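**Student:** Attaching a single structure in structure tokens format; questions to follow.
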Amino acid sequence: MNLKKYQNELAVLLSLLLLMGAFLYKNIKVSSSTKEASSLQHSVDEFKEIIALKRVWADKGLPKKITALKNTIPAAKVTWSKKGKKLTAVYAGLSATELNRLIMKVMNLAVQIQFLDIQKSGSSYHVELKCKW
Amino acid sequence: MNFMGSNKELLLVHAEMPRQFLSHDVNVMLTPQYYTLKREDIPVKYLYQAKKIAPSLFEGLLEEVGEYSYLVYKEEEQWIFIAYNLGQIRSLLLSKGIQPEKVSKIFFAQQAVDAFTAPMFLGEKEALVVMENTVVVVPRQALKEETKPLTFDDSFTPKTGISIGGGVQGSLLDVTQAALLSTLFILFAAIFFVEGSRYTNSSSEIEEEMQMLLEDHPILQSKIQRESVAQKYTHIETKEKQKRETIKRVSKLIFKGSTLISLTVQDKGFKALFSYTDDAVLKRLQVLAKDEKFAKVKVLNGKKVQIEGAL
């Protein structure tokens, strides 16, 4: 076969191959770059989630916030025992409103509830709370 | 030696040229019988302008057979116009045994006018001579007998020639089409290459963000540490959310006639005790417990209901 006879077609074919190669190169780059960006974004999101979780459950301001559990109820009804990062609180003779207020406070604080016991005694409530942070 | 032109063998094609048997590529030079020359002193500055007017200069001069092409160049202050018919040239070459695909470049004798410093014999009857700066064919008889002829060799190769490539028989594309398509494809290829290379840097912003996070939280630099911290706090988050959700769900069972007697929540589970006033309240309590998906609902003596669950 005489290649020279088809030199024009060969030139077009070569440039077409170049075009296809370039298209393939671009597609591979786009695909790998997207994959890499997606993986990196996933890592960043995970990182941010860890930071957010740490900020909530290892809040350094929590020891101060925890006193709200004491102050929200009249002192006479509270037996308070806080040792390090652990709290044992006993509430006696709480009205329904006081109980609701206390439970709302507990639920809104980022403490780990170890034991929560509510007992109704007549028209009042007895609450024992053990938590840590 | 011709540094600018081709190094291929140059053949002078003329009427008396014997049939050739070629095994290699050659360049050919055509004698004036195979082209039409016009020398014009026209006021145009650029080659493209001269090329544009070339067809009009040859109107009525050329045989109306096939399509003509034009080679235009400047010789001192004058424009030289050469009209040629590629179809006829191809036929001529074939008649001389030269396959068009073996021809790299075609030149015209006029292009090498300066090289014809003496007459050149074309076979027995004709000779090439330069008259008024134009290469022409004359009968050998017109020359003096003692004339020493030139020998034709590759040194006659001019700098530029025309390609027969566009007209190679059997070829589907001519040079212009091939050049156009190739340019288009190469252009698109370049665009794709540039686009592809630009994508490499697309994730740099996320990388910077990650770097900033790592700098702000050096304790989380190692992946193992991150996984350990994430595991610890995810576990706490899940467990504590469950406890708080359970308290909320239990509180939904308190309504008129249903009273919470006790509720105990621990890490492993919870236990709630309700009292109810009548069967209608009990029924509603059971429905609500079912809605809240409490699996263990036990009706006790003394109008009491115990609900238990794991966390």
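The values are calculated or read from the model by the stated rules, or taken from the named source; none is laboratory data. This one's a predicted model, so the numbers in the text were calculated from it and none came from an experiment. Positions of Cβ are backbone-derived with ideal geometry, glycine not excepted, and every protein chain shown enters the neighbour counts.
**Student:** I need every pair where a residue in the stretch A:13-27 that is more than 7 Å from every other protein chain (Cβ to nearest Cβ) and under 9 Å from residue B:185 (Cβ atoms) has its Cβ under 8 Å from the Cβ of a residue that is assigned to a helix (DSSP H, G or I) and not small (Gly, Ala, Ser), sequence separation at least 6 or different chains.
**Tutor:** Filtered contacts from the stretch A:13-27: no entries.
**Student:** To continue, here is another question. If the Cβ limit is 6 Å and pairs must be 6+ apart or interchain, which residue in the stretch A:72-94 that is under 17 Å from residue A:130 (Cβ atoms) pairs with which residue that is assigned to a loop (DSSP other than H, G, I, E, B)?
**Tutor:** Close Cβ pairs (under 6 Å, with a partner that is assigned to a loop (DSSP other than H, G, I, E, B)) amount to A:85/A:133; A:91/A:73.
**Student:** Another question, then. Can you pull out the residues in the stretch B:27-67 that are of a type in the set (Val, Ile, Thr) and either under 23 Å from residue B:133 (Cβ atoms) or at pLDDT 90 or above (or both)? Show your work before the answer.
**Tutor:** Residues of the stretch B:27-67 that are of a type in the set (Val, Ile, Thr), as a first pass: B:28, B:31, B:36, B:42, B:44, B:53, B:65.
Hits for the stretch B:27-67 are B:28, B:31, B:36, B:42, B:44, B:53.
**Student:** Pick from the stretch A:1-12 the residues that are more than 8 Å from every other protein chain (Cβ to nearest Cβ) and modelled with pLDDT under 90: which of them is surrounded by the most Cβ atoms within 10 Å (Cβ to Cβ)?
**Tutor:** Initially, the stretch A:1-12 is screened for residues more than 8 Å from every other protein chain (Cβ to nearest Cβ), giving A:1, A:3, A:10.
Checking which are modelled with pLDDT under 90 leaves us with A:1, A:3.
Working: A:1: 5, A:3: 9.
The extreme case among them is A:3.
**Student:** Checking residue B:224 against (1) closer than 14 Å to residue A:52 by Cα; (2) more than 9 Å from chain A (Cβ to nearest Cβ); (3) among the hydrophobic types (A, V, I, L, M, F, W, C), which single condition isn't satisfied?
**Tutor:** That leaves (1) as the condition not met.
**Student:** Restricting the search to the stretch B:156-180, which residues are modelled with pLDDT under 90 and of a type in the set (S, T, N, Q)?
**Tutor:** Residues satisfying the conditions are B:160, B:163, B:169, B:171, B:176, B:177.
**Student:** Something else now. Specify which of the listed residues (B:220, B:260, B:300, B:285) is closer than 30 Å to residue A:38 by Cα and of a type in the set (A, V, I, L, M).
**Tutor:** B:220
**Student:** Here are some residues: B:71, B:93. Which one is of a type outside the set (Phe, Trp, Tyr), in contact with a helix residue (DSSP H, G or I) (Cβ under 9 Å, 6 or more places away or on another chain) and in a strand (DSSP E or B)?
**Tutor:** Numbers: B:93 fails: in a strand (DSSP E or B).
Going through B:71, B:93 in turn, the sole match is B:71.
**Student:** Could you identify the single residue in B:143, B:122, B:128 that is touching a His at 6+ places or on another chain (Cβ under 7 Å) and either hydrophobic (A, V, I, L, M, F, W, C) or over 27 Å from residue B:98 (Cα atoms) (or both)?
**Tutor:** Values: B:143 fails: touching a His at 6+ places or on another chain (Cβ under 7 Å); B:128 fails: touching a His at 6+ places or on another chain (Cβ under 7 Å).
Answer to the check: B:122.
**Student:** Could you list all residues from the stretch B:55-101 that are over 15 Å from residue B:13 (Cα atoms) and within 14 Å of chain A (Cβ to nearest Cβ)?
**Tutor:** Across the stretch B:55-101, the qualifying residue is only B:101.
**Student:** Still on this model: Mind telling me which of the residues B:220, B:143, B:150 ends up being outside the structural domain of residue B:122 (by TED's automatic domain parsing) and aliphatic (A, V, I, L, M)?
**Tutor:** Unique residue meeting the criteria: B:220.
**Student:** Scan the stretch B:197-218 residue by residue and report those that are closer than 16 Å to residue A:30 by Cα, polar (S, T, N, Q) and more than 8 Å from every other protein chain (Cβ to nearest Cβ).
**Tutor:** Those that are closer than 16 Å to residue A:30 by Cα, polar (S, T, N, Q) and more than 8 Å from every other protein chain (Cβ to nearest Cβ): B:201, B:204.
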